[in-house]
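Chemist: Just dropping this structure here.
The values are calculated or read from the model by the stated rules, or taken from the named source; none is laboratory data. In this text, all values refer to a predicted model and were calculated from it rather than measured experimentally. All Cβ positions, even for glycine, are placed from backbone atoms using ideal geometry, and neighbour counts span all protein chains on display. Accessible surface areas use protein heavy atoms only, side chains included; no ligands, DNA or RNA. Shrake-Rupley method; radii C 1.70, N 1.55, O 1.52, S 1.80 Å.
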Amino acid sequence: MLGYWLFLVTDDYRAVGLPLAVGGLLLFGILAKLASRLKKVYLAEDTLYVSNYLRQIRIPLSEVASVEVSSIGGKQPMTVAIRLRRPTEFGRRIVFIPRAFGCLAQDVAAEVRAAVEAQHNNGMHPTRDTRPLI
């Protein structure tokens, strides 16, 4: 649907109408900007692997300052925000929508908090597998 609409706008904007074409492009730009802050996050032993779908970085759990769950007006999807002690290539705040379209945000945040706490307590992580959090 979006591809067809983009074809109409770029092929002959008069078929769609200039106001609708400009409004649609503005809406598409806003959605692209909002989605660009979202990351893909994996938890593996004592490391978070964070990707913006173009490149991936490793963040030790010792760099995690806090883990928060948020949503807009209490509606789904809920996001998880990880605040870091130092800036990375992706900034000091990593935001992602966890598995099940955000319905499991509380569980994922608790899992990351437990891993960080275990890292700070004795350096051992409670799980040994690499699992996606989204």
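Chemist: So, in the stretch 43-87, exactly how many residues are within 17 Å of Ala115 (Cβ to Cβ) and under 11 Å from the mean Cα position of the chain (by Cα)? First the steps, then the outcome.
Modeler: First, pick out the residues of the stretch 43-87 that are within 17 Å of Ala115 (Cβ to Cβ): 43-50, 58-69, 80-85.
Of the ones still in play, those that are also under 11 Å from the mean Cα position of the chain (by Cα) are 50, 80-82.
Going through the stretch 43-87 one residue at a time, the tally reaches 4.
Chemist: Sort through Ala100, Ala35 and tell me the only one that's open to solvent by less than 60 Å² (accessible area, probe 1.4 Å) and on the phi > 0 side of the Ramachandran plot. Working first, answer last.
Modeler: Details: Ala35 fails: on the phi > 0 side of the Ramachandran plot.
Going through Ala100, Ala35 in turn, just one is open to solvent by less than 60 Å² (accessible area, probe 1.4 Å) and on the phi > 0 side of the Ramachandran plot: Ala100.
Chemist: Also: For the stretch 16-36, check the following and say yes or no: at least one residue is part of a loop (DSSP other than H, G, I, E, B) and modelled with pLDDT under 75.
Modeler: As a first pass, look at the stretch 16-36 and keep what is part of a loop (DSSP other than H, G, I, E, B): 17.
With the extra rule that they be modelled with pLDDT under 75, the set shrinks to 17.
Yes, there is a match, as at least one residue in the stretch 16-36 is part of a loop (DSSP other than H, G, I, E, B) and modelled with pLDDT under 75.
Chemist: Out of the stretch 103-121, which residues are among the polar types (S, T, N, Q) and open to solvent by 70 Å² or more (accessible area, probe 1.4 Å)?
Modeler: Scanning the stretch 103-121 gives Gln106, Asn121.
Chemist: Taking the stretch 63-89 as the region of interest, how many residues are open to solvent by less than 30 Å² (accessible area, probe 1.4 Å) and hydrophobic (A, V, I, L, M, F, W, C)?
Modeler: Number satisfying all stated conditions: 6.
Chemist: Can you confirm whether the stretch 41-60 contains a residue that is of a type in the set (Phe, Trp, Tyr), surrounded by 15 or more Cβ atoms within 10 Å (Cβ to Cβ) and in a strand (DSSP E or B)? So that I can check it myself, show each step before the final result.
Modeler: If we filter the stretch 41-60 for residues that are of a type in the set (Phe, Trp, Tyr), which is where we start, we get 42, 49, 53.
Those left that are additionally surrounded by 15 or more Cβ atoms within 10 Å (Cβ to Cβ): 42, 49.
Retained after the next criterion (residues that are in a strand (DSSP E or B)): 42, 49.
The answer is yes; a qualifying residue exists.
Chemist: What is the residue count in the stretch 73-109 for residues that are part of a strand (DSSP E or B) and either among the basic types (Lys, Arg) or touching a Pro at 6+ places or on another chain (Cβ under 7 Å) (or both)? Spell out how you get there, then give the answer.
Modeler: Residues of the stretch 73-109 part of a strand (DSSP E or B): 79-88, 91-96.
Checking the rest, the ones that are also either among the basic types (Lys, Arg) or touching a Pro at 6+ places or on another chain (Cβ under 7 Å) (or both) come to 80, 83, 85-86, 92-93.
Looking only at that region, the number is 6.
Chemist: Now, a different point. What are the pairs with Cβ atoms under 7 angstrom where one residue, in the stretch 102-120, is polar (S, T, N, Q) and the other, located anywhere, is surrounded by 14 or more Cβ atoms within 10 Å (Cβ to Cβ)? Sequence gap at least six, or different chains.
Modeler: Pairs found: Gln106/Val69; Gln119/Asp46; Gln119/Leu61; Gln119/His125.
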